[in-house]
Every structure is written in structure tokens, then in C-alpha cells.
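As C-alpha cells, the structure follows; a few thoughts come after it.
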Amino acid sequence: MRTRPSTAALCALVMAALAVASSACSTVRTGGNIFTARGPGKNDPLSQPYVRMLPAPPKPNALPTEIVSGFLAAAASFDDPLRTVAKQYLTGDAQRTWSPFDAVMIYDQGEVKTDTPGDDLTQAHVTLKGVKLGELDGDSHYVPRDASASNDLSRGFTLVRVRGQWRISTAPAGLLLSNDDFKRAYRSFDLYFAAGDLEGLVIDQVWVPINPSQGLAKSLVQRLLAGPTTPLQDAVESAFGGDVDVSDVNDVTVEGDTVVVDFTSDVVDSARVARYKRALSAQLSWTLKPLTESRRIEVRVNGEQFPGGPFIIAPRDYQGYDPDVVDASAQALYLRQGRLYVIDKDKDEPLSAGAGPARQLTSLAVSDRSFSRVAALEKGGGRIWVTGAAPGSPWERWLEAPGLTPPSWDRHGDLWSVSRAGPRRSQVLRAREASRPVPVSAPDLEPTDVTAFRVARDGVRVAVVSDDGHGQQVLVGAITKSRTEVRNVRTLVPAQAGQEIADIAWRDASTLLVLTRSKNDRQLTAVSVTQGVTDTPRSAARIETITAAPEPAPVLAGTSDGQVLMWDTQKRQWTPLEKNGASAPMYPLG
């Protein structure tokens with residue numbers, strides 16, 4: 001088995017271009033000449049325009065602050081992947097020890113200041129100050145800053161004189177990227193990996209560096225072959241297998257209306273391709289979609305036709321792999337007096353499903369767009385009932401346990417909930433049929449109070465509202481494929497004093513809506529599972545529950561006074577859709 005390249009090797013192979021400079025202070029140089037360019041071949045439809053910044057070497061007799069600013073600016077140039085110009089700002093020893101790939105920090109409002117009092121002619125100390133925005137982890141996954149912690153950035157540089165000129169003898173490890181230069185040097189893309197059943201895809205968002213010597217498409221396929229990021233490891237798989245690496249991509253080019261992806265022979269394993277061909281095709285089709293404009297894709301090996309005959313991928317054949325499962329045309333259900341209704345202005349008749357159990361139902365979960373199964377939590381939280389839309393479908397008791405959270409379906413037809421047996425004693429449960437729940441291991445959740453557990457429509461990611469004794473927070477994790485467990489749990493929305501998490505809902509495969517309430521306000525916020533908060537919170541007075549489907553489907557909400565509301569994006573306000581005791585609106589797999 002071949003060894004996967006290290007992070008540094010991966011960055012080098014794709015010529016990782018990390019831009020570093022400050023844009024908030026006149027004392028920080030922006031580097032050499034800046035101009036707009038395109039990728040290889042100006043007529044290449046896969047190339048995209050980008051802004052290049054040529055590195056500038058140190059100026060004679062530059063001050064310490066100018067040397068540090070110049071160093072940061074030179075390191076910003078992805079035209080110089082080995083940072084040979086940036087290293088001219090370092091002493092000989094520092095050139096040998098500093099590595100641009102040790103860490104990546106993104107900041108804003110940067111300012112370079114000298115800390116050296118008086119006129120020390122032998123040594124100087126300079127500090128870069130700013131506000132930390134986030135960082136890239138080892139597999140190009142963006143980790144937003146922790147909003148609950150201090151995000152003041154302070155990094156020091158020590159300078160000494162070398163043949164009469166100031167040079168940096170000690171520099172912070174890795175790279176410091178201003179937000180502007182980060183956006184200039186990187187593009188955000190969604191990789192797609194196969195879910196456990198190989199019949200669906202899961203989004204994995206990464207930042208791909210611009211490489212002037214090759215197109216973004218090639219860099220993107222190289223990153224796909226490198227495998228999923230840490231949060232999805234053990235939860236998804238690549239149809240390419242684990243024995244390939246970035247060097248197995250020869251090129252990605254365009255021939256007429258066909259995008260040609262040329263691999264080395266190391267990618268070709270006839271037995272594996274026979275088993276994984278559809279999943280491999282789906283991964284390539286969806287990953288390259290932003291660049292290929294729905295052109296068909298042909299897979300070749302070392303410039304020759306794929307062994308056994310042409311390997312052609314038609315993107316339209318893989319729309320069923322959509323990780324969102326449902327689209328913007330999906331309809332939602334709601335409850336009124338124990339009966340199910342479809343939200344439809346022209347129809348006010350209940351579905352044929354009979355009235356619910358004697359006790360009041362709440363918190364719906366809908367398994368698919370045809371409403372083949374609908375689950376509801378019994379008021380009081382001890383039982384979950386399931387019915388169907390077919391005539392005569394009864395309500396069956398599927399789960400019975402103390403303190404159940406609202407139900408959630410996954411795309412495989414399994415029902416999920418969490419039982420709270422006592423203070424900070426939670427147990428994740430999964431059921432495929434009535435009265436047959438199976439405990440699921442979730443080590444990070446079991447010693448907490450879980451009040452919401454939502455499986456994403458891709459069937460892999462989960463969002464959780466949990467309290468470990470320090471306040472409610474929103475967590476995201478993944479369901480592993482080999483042994484069903486909830487792992488790789490991390491904080492998405494940290495706990496804040498005086499704030500409760502009222503509800504959560506998946507908008508699409510990578511965006512979660514979070515409804516919060518405090519003493520004086522309620523707010524609804526969209527949060528990317530890879531980039532944090534993505535929009536301005538909107539007011540959500542009176543709202544108790546939320547549900548969403550992929551845009552442009554409207555966000556729906558249930559209120560405390562028996563109404564279903566819709567968020568009107570044009571008027572930027574909540575508009576009533578259903579009244580008179582309507583509650584618990586829910587989209588399929590929401």
C-alpha cells in the first residue's frame with residue numbers, strides 16, 4: 001500500500017499558495033505589482049481569473065517594520081511556491097528552520113509595530129497585531145475562530161543586522177494570512193465523497209490554492225484524491241481507494257464539449273473500478289460541476305482510452321446522488337389537532353392518516369417527499385409515534401424511553417432520537433422498525449444533556465444541541481460507516497451566557513439554521529458547518545420551531561400561538577401561512 005503524502009508534501013505537490021499581508025495599516029506593505037491573470041491557456045474554459053501579486057525582495061536600508069511587512073507580503077505570492085523571495089528577509093539560520101507549511105492563520109485589521117525602545121543598533125523586536133478570523137487545518141479545512149474566546153492576534157519577530165541590513169532571525173511558525181490575501185490565493189470548493197451505501201454523496205468543503213502553472217480543475221481533482229477532511233474520516237469513503245495520491249493526476253483538460261481527466265495507471269484497478277464505477281463517476285461529476293458547466297467527463301489513463309472501453313461520465317446520470325436529497329420544490333407538513341396537513345394555500349384537507357394518539361403530538365419528522373413515514377413526539381417526551389400518508393395508516397409506537405428528543409429520519413429510513421435518563425446521561429437511539437430501538441455509541445454526547453439531535457439529509461452528518469454543564473451549545477459530528485457510532489464531534493456554536501438554543505434545522509447539506517432565545521430577543525442564524533456564521537441573524541419573535549429545505553424553498557416556523565410562518569426574503573419579514581392551532585411545520589428529512 002502506498003503511503004499518503006504528509007501535509008507539507010501535499011501542499012508542495014499542489015503548489016500551495018498562501019497569501020500573507022496586512023490590509024488594515026499603512027505600515028504594512030502590500031508587496032510587489034498586483035494584476036489580474038488567468039490560469040494556463042487564456043482560452044481554457046476551466047480556468048478562472050485571479051489576482052497575482054509578484055514578490056519584492058528587501059529594499060536597501062529598510063527599517064525593521066518595513067522588513068517584516070515586506071516578508072509578509074513576499075510570502076503572499078503564490079507565484080513563488082518555495083518562498084525563495086520571502087526567505088531573503090530571513091537570516092541564514094532562519095531560512096533553514098522556517099517552514100511556510102507548519103501552520104496557516106487568517107487574520108484581519110493587521111498592523112506591524114516596533115517594540116524596540118530607543119535606537120538599538122544590533123537587535124529589534126517587531127509585532128504583528130490583528131484579529132484572528134480562523135485557520136486552515138492540515139487538510140485544507142477552514143476552522144472558524146472560537147467566538148467565545150479572545151481572538152486578539154499577536155505574533156512577534158526578532159531582527160538582527162546582517163552585513164549592515166536588518167534581517168529576521170526569529171519568525172512565527174507557518175504563515176499569517178490577511179483576509180484579503182487569503183481570498184486572493186484560495187478558492188472554496190466542495191469535494192464529494194461516497195456515503196456508506198455508495199448511493200449518495202456527502203459534501204466536504206475545502207480551500208484549494210491557486211496554482212498559476214496548472215488549472216484549478218487539476219488542483220481540485222488532486223485534493224479529491226487526497227481523501228476527506230478529519231471531521232468526515234471513517235464516515236465516508238472515496239471510490240478511488242486509499243492507495244492513490246495527488247501525483248496520480250496527470251492533467252485535466254477540455255476537448256470540445258468533454259472534460260478529460262487523465263490519471264496514471266495507479267488509479268486503475270479493474271476489480272475496484274467495476275465495483276465503485278458509479279460512485280467514482282458521481283464523485284468526479286459533482287466535484288467538478290462548478291468548473292465543467294455540466295460538460296461530460298471522460299476518464300483516461302496516461303493519455304489513452306480507459307482499459308476495456310471509453311469511460312464517459314454524463315453529469316445528468318448522477319443527479320440522484322444529490323446530498324440534499326430533496327430540492328426546493330419539497331412540501332412541508334404540519335399538525336393540527338393530531339392530524340397531518342400539507343402546507344398548501346389551495347387545500348385545507350388533512351392527509352388520510354388517522355388522528356394521532358389520545359395525547360397531543362408535536363415535533364414532526366418526515367422521511368421523504370412522498371410522506372411515506374411521518375414521526376411525531378408525544379407531548380411529554382416519552383414516546384415517538386410513526387404513521388404513513390396511505391389510507392388507513394395507523395399511528396404505531398416506535399420508541400418509548402425517558403426524555404426523548406424530537407425524532408429525525410435519515411435517508412436510509414432509520415429513525416433517530418436521544419433519551420435523557422438523568423442529568424448528563426444521554427443515549428442515542430436508532431430504530432428501523434417499531435419497538436426495536438438500537439443503542440448507538442456516542443462517547444462525546446453521553447455525559448451531556450442532549451435536547452436536539454438532527455441527522456442531515458446526506459445521512460452522515462449530525463447536528464446536536466447539548467449542555468455539558470456550561471450552557472447549551474450546538475455540536476456537529478458524523479455517523480461512522482464501519483461501526484455505527486457518532487464520532488468526530490466538535491463545537492459549531494459555543495455556549496453563551498443567558499442564551500438558549502431553541503431549535504436547529506438543516507437548510508442544506510452544509511448549512512444549519514440555529515434558533516436562539518435570550519431574555520429580550522429571539523434570533524435565527526444560518527451557520528456553515530465549515531465556515532461558521534454566514535449571514536446576519538434575523539429577528540424571530542414568538543417563534544418556537546423552525547424547518548428548512550434547500551434554497552429557494554422558504555424557511556418555515558411554528559409559533560407559540562398556533563401559527564405557521566414563512567420567511568419572506570423580499571419583504572424580510574415573517575408572513576403567516578397557517579393559523580388556528582397549526583404547529584410543528586416540517587420539511588422532509590428536516
task = Work out, in µm²/s and without decimals, the Stokes-Einstein translational diffusion coefficient of region 333-586 at 25 °C, 0.890 mPa s, Rh from Kirkwood over C-alpha pairs.
result = 133 µm²/s
task = Would you work out the relative contact order for region 349-448, in percent, from Cα pairs under 8 angstrom that are 6 or more residues apart?
result = 20 percent
P(r) weight above 19 Å for region 442-514, C-alpha pairs, percent = 30 percent
remark   = Percent relative contact order for the chain, counting Cα pairs under 8 Å at least six residues apart, stands at 10 percent
ask   = Which three semi-axes in whole Å describe the equivalent ellipsoid of region 344-438, each the square root of 5 times a Cα gyration tensor eigenvalue, listed largest first?
value = 24, 14, 12
ask   = Using alpha carbons only, how many degrees (0 to 90, rounded to 10) separate the axis of helix 216-225 from the longest principal axis of the chain?
value = 60 degrees
ask   = How big, on average over all directions, is the shadow cast by the Cα convex hull of the chain, in nm²?
value = 30.9 nm²
key: Between region 548-590 and region 49-99, the alpha-carbon center distance in angstrom   = 53 Å
note = Expressed in nanometres to one decimal, the distance between label points 7 Å along Cα→Cβ at residue 131 and residue 369 is 4.1 nm
query = Quick one: Karplus J couplings for region 404-412, per residue in order, coefficients 6.51, -1.76, 1.60, θ = phi - 60°, nearest Hz, x for Gly and Pro?
reply = 5, 7, x, x, 8, 8, 9, 5, 8
message = Can you compute the modelled spin-label distance between residue 277 and residue 198, with each label point 7 Å from Cα toward Cβ, in nm?
response = 1.2 nm
ask   = When DSSP beta bridges are limited to those with both residues in region 188-321, what percentage is antiparallel, rounded to the nearest 5?
value = 75 percent
task = Using the Cα centre as the reference, give the magnitude of the dipole from point charges on the C-beta atoms of region 85-144 (Lys, Arg: +1; Asp, Glu: -1; all else neutral), rounded to the nearest 20 debye.
result = 100 debye
ask   = Which values of log₁₀ I(q)/I(0), to two decimal places, follow from the Debye formula for region 188-321 at q = 0.10, 0.16 Å⁻¹ with a uniform point scatterer at every Cα?
value = -0.28, -0.76
remark   = The longest stretch of the chain containing none of the GluC sites (Glu not before Pro) that sit in a DSSP loop with at most 13 other Cβ atoms within 10 Å is 1-292
key: DSSP-loop trypsin sites (Lys or Arg not before Pro) across region 468-502, with at most 12 other Cβ within 10 angstrom   = 483
remark   = Measuring from its Cα centre, the chain shows a charge dipole (+1 at each Lys and Arg Cβ, -1 at each Asp and Glu Cβ) which, in debye to the nearest 20, is 520 debye
Net dipole in debye of region 188-321 [+1 Lys, Arg Cβ; -1 Asp, Glu Cβ; about Cα centre; nearest 20] = 260 debye
query = Using the scaling law 2.2 N^0.38 Å as the reference, what is the normalised Cα Rg of region 247-290?
reply = 1.23
ask   = For region 118-221, what is the Kirkwood estimate of the hydrodynamic radius, computed as the reciprocal of the mean inverse distance between distinct Cα atoms, to one decimal in Å?
value = 17.4 Å
note = Given the candidates 350, 380, 85, the one whose Cα lies deepest towards the positive end of the charge dipole of the chain, counting +1 at each Lys or Arg C-beta and -1 at each Asp or Glu C-beta, is 380
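Pull up the DSSP beta bridges for the chain and report the antiparallel fraction as a percent, rounded to 5.
Antiparallel bridges make up about 90 percent of those DSSP assigns within the chain.
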note = For residue 379, the aspartates and glutamates lying under 17 Å Cα to Cα, once residues fewer than eight places off in the same chain are dropped, come out as 396, 400, 503, 544, 561
note = All alpha-carbon distances of region 245-321, grouped into 10 Å bins from 0, give the whole-percent distribution 19, 56, 25, 0
remark   = Spelling it out for residue 313: with amide H atoms placed in the peptide plane at 1.01 Å from N, the residues 5 or more places away or on another chain with amide H under 5 Å from its amide H are 297, 298, 299
task = Tell me what the chain gives for mean residue ellipticity at 222 nm when only DSSP H runs of n ≥ 4 count, each as -39,500 (n - 2.57), the sum divided by the residue total, rounded to 500 deg cm²/dmol.
result = -3500 deg cm²/dmol
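Read the figures in this text as sums done on the coordinates, not as results from a lab. Since we're looking at a predicted model, the values are computed, not measured. Every residue, glycine among them, receives a Cβ derived from its backbone with ideal geometry; neighbour counts consider all protein chains shown.
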